[in-house]
1. Would you say G242 is assigned to a helix (DSSP H, G or I) and either modelled with pLDDT of 95 or more or in contact with a strand residue (DSSP E or B) (Cβ under 6 Å, 6 or more places away or on another chain) (or both)?
2. Take the residues in region 25-81 that are of a type in the set (G, A, S) and within 22 Å of Y100 (Cα to Cα); name whichever of them is most open to solvent (accessible area, probe 1.4 Å).
3. With respect to the numbered conditions (1) open to solvent by less than 40 Å² (accessible area, probe 1.4 Å); (2) in a helix (DSSP H, G or I); (3) at pLDDT below 95, which one is the sole condition not fulfilled by T311?
4. Examine region 269-291 for a residue that is within 16 Å of the ligand (Cβ to nearest atom), open to solvent by 60 Å² or more (accessible area, probe 1.4 Å), small (G, A, S) and assigned to a loop (DSSP other than H, G, I, E, B), and state whether such a residue exists.
5. Among the residues that make up region 109-121, is at least one of them near the ligand (Cβ under 10 Å from one of its atoms), assigned to a strand (DSSP E or B) and aromatic (F, W, Y)?
6. Given the criteria crowded, with 23+ Cβ neighbours inside 10 Å, touching a strand residue (DSSP E or B) at 6+ places or on another chain (Cβ under 9 Å) and in a loop (DSSP other than H, G, I, E, B), does A104 qualify?
7. Which residue, of I96, I65, I11, I5, is among the aliphatic types (A, V, I, L, M) and under 17 Å from the mean Cα position of the chain (by Cα)?
8. So which residues in region 157-174 are touching a Phe, Trp or Tyr at 6+ places or on another chain (Cβ under 8 Å) and either of a type outside the set (A, V, I, L, M) or open to solvent by 50 Å² or more (accessible area, probe 1.4 Å) (or both), if there are any at all?
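The values are calculated or read from the model by the stated rules, or taken from the named source; none is laboratory data. Computed from a prediction, not measured in an experiment: that's the story for all the values here. Cβ sites come from the backbone with ideal geometry, for glycine too, and all protein chains shown count toward neighbours. The accessibility values were calculated without ligands, DNA or RNA, using every heavy atom of the protein model including side chains. Shrake-Rupley method; radii C 1.70, N 1.55, O 1.52, S 1.80 Å.
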Amino acid sequence: MNKDISVNTPIYVAGHRGMVGSAVVRALERHGFTNVLTQTSAELDLRNQQQTMDFFEKNRPQIVILAAARVGGILANRDYPYQFIHDNLALQTNVINAAYHHGAERLMFLGSSCIYPREAPQPMHEDSLLTGPLESTNEWYAIAKIAGLKMCQAIRKQHGRCFFSLMPTNLYGPNDNFDLETSHVLPALIRKFHEALPDKDVELWGSGKPQREFLHVDDLAEAVITFLDQTPEFDYYNVGTGKDISIKELSELIQEITGHEGAIKWDTSKPDGTPRKLLDVSRISKTGWQPRYSLRDGIQNTLDWFIKNKTHLKEVHIE
Ligand code: GFB
């Protein structure tokens, strides 16, 4: 471990109740960190600049993991563009700026692979950022994430502070959103097939042809741990498995794992989104990090979590 970091280093995880933030907190605990700072959104609304500044002034975290975000699947992104651009720009600007002003040494900003152009050559290398138009269903979210990456890059360039970004591919795992209106595809399919057992038909969105890459959130959390004690050579890193699968293949895999035997119907009035989104992971591979979960094991783990927790899952509305 880097000599400047010890198990007592104050580390603030913004967004610790979400899928990503909760996985980061679990990983920090596994690795023995004892001074992890968290705040619920009721205690601290990160969209509020003064509240955010006050929190940083009082607590002065040395390391900040910025996992708080307004997130959602393809329909939520398409239908609530203002919340996606406003809430993300507001909260990430407040956290990055407060961390900078109150002396945080290191900040990791977590983004998304949708920052790259819709038609970027596959697999998408970090250098394809800002080389073409974005996918229209999520350009609002993507622009906020690009702005966050650029803010961190500007602070590092101008002030030499270790602020940098990780750009994960489509994530899934425990604490994901299983609300069928606002969720991403993988939790939606787990829920749809599980609830339709054993043989009721299941309706899925789009054509099934788009290709997506899926990373278990605990693997992303281990990437965060990797970057706690090394100076990143670059300002941002893709985080993925380097393998993708069509939505149709994903649906057949989840159908097999859940034991569903009914028919699948495709509602082509729903959008497909970007045709393919596979990350080039050569840059992060050089740090020594690599994912541990196979897609099958990750889906099984997430299904087990869903079955255990489904009775008290909340609906997730965009407000
Ligand atoms: O995961 P998803 O909502 O978002 O959808 P994106 C991926 C693909 O799965 C699309 C199809 O082609 C959907 O049409 N799909 C099939 C379904 N059935 C379903 C279903 O029941 N629910 C959902 N949600 N999809 C998001 C972005 O894009 O990816 C975000 O909108 C973010 O900004 C995130 O970047 C990682 O992969 O298309």
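1. no
2. Among them, the one singled out is S41.
3. If we test T311 against (1) open to solvent by less than 40 Å² (accessible area, probe 1.4 Å); (2) in a helix (DSSP H, G or I); (3) at pLDDT below 95, just (1) comes out false.
4. Yes: one or more hits.
5. Scanning region 109-121, I find no residue that is near the ligand (Cβ under 10 Å from one of its atoms), assigned to a strand (DSSP E or B) and aromatic (F, W, Y), so the answer is no.
6. Criteria met by A104.
7. I65 is the lone residue from the list that is among the aliphatic types (A, V, I, L, M) and under 17 Å from the mean Cα position of the chain (by Cα).
8. Once the filter is applied, which keeps residues that are touching a Phe, Trp or Tyr at 6+ places or on another chain (Cβ under 8 Å) and either of a type outside the set (A, V, I, L, M) or open to solvent by 50 Å² or more (accessible area, probe 1.4 Å) (or both), region 157-174 yields H159, R161, F163, F164, S165, T169, N170, Y172, G173, P174.
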